Amino acid sequence: MFENSPPTKKWNYCLYNNRGLPDNYVDSDFLSELKENLFLPKLRARDVIIAAGSIYQQLCWYVLFISTLVQFVFVCNYLLLSTVRLDFSTVSQSLPFLVYNYWICLVLVNERGK
């Protein structure tokens, strides 16, 4: 079956052989053929800020939960009057999130209305 086929060159792994060029050689046509960011979507700054804000909000909720849990476990178990401090800390930490959520809802309602 393969008797009439021309002889093929045997494959050789030549990673370390000297080819007469330096290791960092780049052809002159390399940069002219380079295509950058072909399928990169265009994003608006407001969309990026809202997306980053939602990630930041989730991280803050985790911190709020852990700090409230730590205060409850370590403070409420030892001091009877610490519930006032727990309530104040919960409200003071939750207020920025409520304001942020209200602001985001206003932005989204205004954006959908346009």
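The values are calculated or read from the model by the stated rules, or taken from the named source; none is laboratory data. The model shown is predicted, which means the values in this text are computed figures rather than measured ones. Ideal geometry is used to build each Cβ from the backbone, glycine not excepted, and the neighbour counts take in all protein chains shown.
If I filter region 1-24 for residues that are modelled with pLDDT under 85 and in a helix (DSSP H, G or I), do I get at least one hit?
No: region 1-24 contains no residue that is modelled with pLDDT under 85 and in a helix (DSSP H, G or I).
Can you tell me which of (1) within 30 Å of Gln93 (Cβ to Cβ); (2) hydroxyl-bearing (Ser, Thr, Tyr); (3) at pLDDT below 80 is the one Ser67 doesn't meet?
(3)
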